[in-house]
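**Q** To start, I am sharing the structure in question, which I have written as structure tokens.
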Amino acid sequence: MKFIKASSILSSIVLASMSSSFVFADTEATDSNWYMGGNIGQTRADIDEERISNSLIDKGFSGALVKDHDSADRGYKLYGGYQLNRHFALEGGYFDLGEFGFTSTTAPAGTFNGDIKLRGINLDLVGFLPVTEKLSAFARAGVNYAETKDKFFGSGAAHALTPTASDREANLKLGAGLQYAFTEKLAMRLEAERYRVSDAVGHKGDVDLVSVGLVYRFGNTAIPVTAAVYTPISVPAPAPVAIAPPPPRFEKYTLSATELFAFDSSAVNMPQVKLEEITTAIKGAGAPQQIVILGYTDRLGSEEYNQKLSEQRALAVKNYMVSRGVDANRLLTEGKGEADPIVTCDEKNKAKLIECLKPNRRVEIDQVKMVREIKSN
């Protein structure tokens, strides 16, 4: 069957990618976990038409053999999803598996025809495994609630005992595929799925859908945060003019981890001119009572290790400030690990990759109140 061939190809690609390396890049995060998509492709049904024909035709006939049957059609699905975390998502949607028909011949001479339509809704748990920065393999398992509508009619000496039949039933649904991200918002999917369905006359069958489609992710991507840069303002005038200093402003400062720490370390390098300036501002009059210190790492290394390192770096900056006289209760620390990357790098050389990912290794200090002196000529 085409479903088995397509599944084998997809599985081979996934296994080959997994065997080459077990270090995968994480999917870039956005400020929204919602997405939507649509697929279109070919369906193929595995339904016992001869059994259906024999069970619904007038008694006293023999040789009800399926002469022609149309077991392939076009199918599509529309779906929405929510990314629970980097490896799992929940998807629900609507599917239309198309229409399938058959013609049986009978003795005495006659024909018996059947037509089956299948459509419904589904809910799946989808698991993702990143292969490269842009390519991910995924597998799904869930439940489909399909509506089956049958029509039967005979000609010649054959007559249908039941002209129509319908059924609504929940059954298993499985699938696997590949996803390639063109951008952080738009991706393409190639997948193969199997729907277990009722034939509406007492038995079950399988319908396979091999399809391709697009996925669109909602929300804006993360915007890099950099330190504000101020330039002293000179106001030309024929006579000296006294200019009042601007009111204090709350600022977010981003300090490079390369300047603060050695690579893969949480010990603060000395001296720290910029960090000393921020510490002085925090101790000044009118400064906020709560200061937030966030630590970040790049994606190199395991997620657990990077999370712990980011927490240690945020705490190291806090301890530096406390040693300079800042009340420890005013400083809140949090490790963000690999989250919210500023840059994405594809370099294969390890040294070049470490240098490229440098902006992601940082410490952010929020709610700092700074006053800049404005001079006049």
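The values are calculated or read from the model by the stated rules, or taken from the named source; none is laboratory data. Just so it is clear, the model here is predicted, and its values are computed rather than measured. Heads up, the Cβs are rebuilt from the backbone with ideal geometry, glycines too, and the neighbour counts pull from every protein chain shown.
**Q** For the stretch 260-294, give me the residue count where each residue is free of Cβ contacts under 8 Å to residues at least 12 places away in the same chain, under 26 Å from G337 (Cβ atoms) and surrounded by 12 or more Cβ atoms within 10 Å (Cβ to Cβ).
**A** 2
**Q** Which of (1) in contact (Cβ under 8 Å) with a residue 60 or more places away in the chain; (2) assigned to a strand (DSSP E or B); (3) in contact with a helix residue (DSSP H, G or I) (Cβ under 9 Å, 6 or more places away or on another chain); (4) more than 23 Å from V215 (Cα to Cα) does L118 not meet, given it meets every other one?
**A** (3)
**Q** From the list V126, V131, which one is in contact (Cβ under 8 Å) with a residue 24 or more places away in the chain and in contact with a Lys or Arg (Cβ under 6 Å, 6 or more places away or on another chain)?
**A** Checking each option against the conditions leaves just V126.
**Q** Of T164, T183, which residue is without any contact (Cβ under 8 Å) to a residue 12 or more places away in the chain and either over 22 Å from Y145 (Cβ atoms) or surrounded by fewer than 17 Cβ atoms within 10 Å (Cβ to Cβ) (or both)?
**A** T183
**Q** Would the stretch 172-183 turn up any residue that is in the same structural domain as G213 (by TED's automatic domain parsing), under 41 Å from the mean Cα position of the chain (by Cα) and closer than 24 Å to D115 by Cα? If you could, list the steps in order and put the result at the bottom.
**A** To start, the set of residues in the stretch 172-183 that are in the same structural domain as G213 (by TED's automatic domain parsing) comprises 172-183.
So of that shortlist, the ones also under 41 Å from the mean Cα position of the chain (by Cα) come out as 172-183.
Filter once more, so that each one left must be closer than 24 Å to D115 by Cα: 172-173.
Checked the stretch 172-183: at least one residue is in the same structural domain as G213 (by TED's automatic domain parsing), under 41 Å from the mean Cα position of the chain (by Cα) and closer than 24 Å to D115 by Cα.
**Q** Sticking with this one: Residues being modelled with pLDDT of 95 or more and either surrounded by 17 or more Cβ atoms within 10 Å (Cβ to Cβ) or not hydrophobic (A, V, I, L, M, F, W, C) (or both): count how many of those fall in the stretch 76-88.
**A** The total comes to 6.
**Q** Go through the residues of the stretch 308-316 one by one and say whether even a single one is more than 30 Å from T132 (Cα to Cα), assigned to a helix (DSSP H, G or I) and touching a residue at least 60 places away in the same chain (Cβ under 8 Å).
**A** No; the residues of the stretch 308-316 include none that is more than 30 Å from T132 (Cα to Cα), assigned to a helix (DSSP H, G or I) and touching a residue at least 60 places away in the same chain (Cβ under 8 Å).
**Q** Moving on. Is it the case that some residue within the stretch 342-350 is modelled with pLDDT of 90 or more, out of contact with any Ser or Thr (no Cβ under 9 Å at 6 or more places or on another chain) and either outside any loop (DSSP other than H, G, I, E, B) or in the same structural domain as R86 (by TED's automatic domain parsing) (or both)?
**A** Within the stretch 342-350, not a single residue is modelled with pLDDT of 90 or more, out of contact with any Ser or Thr (no Cβ under 9 Å at 6 or more places or on another chain) and either outside any loop (DSSP other than H, G, I, E, B) or in the same structural domain as R86 (by TED's automatic domain parsing) (or both).
**Q** With the requirement that a residue be under 18 Å from R74 (Cβ atoms) and among the basic types (K, R), what does the stretch 100-138 give you?
**A** K117, R119
**Q** Of the residues in the stretch 102-159, how many are more than 18 Å from Y35 (Cβ to Cβ), modelled with pLDDT of 90 or more and of a type in the set (G, A, S)?
**A** The total comes to 3.
**Q** I've got another one for you. On the basis of being under 28 Å from T103 (Cα atoms) and either in a strand (DSSP E or B) or free of Cβ contacts under 8 Å to residues at least 24 places away in the same chain (or both), does R140 make the cut?
**A** No; evaluated as a whole, the condition is false for this residue.
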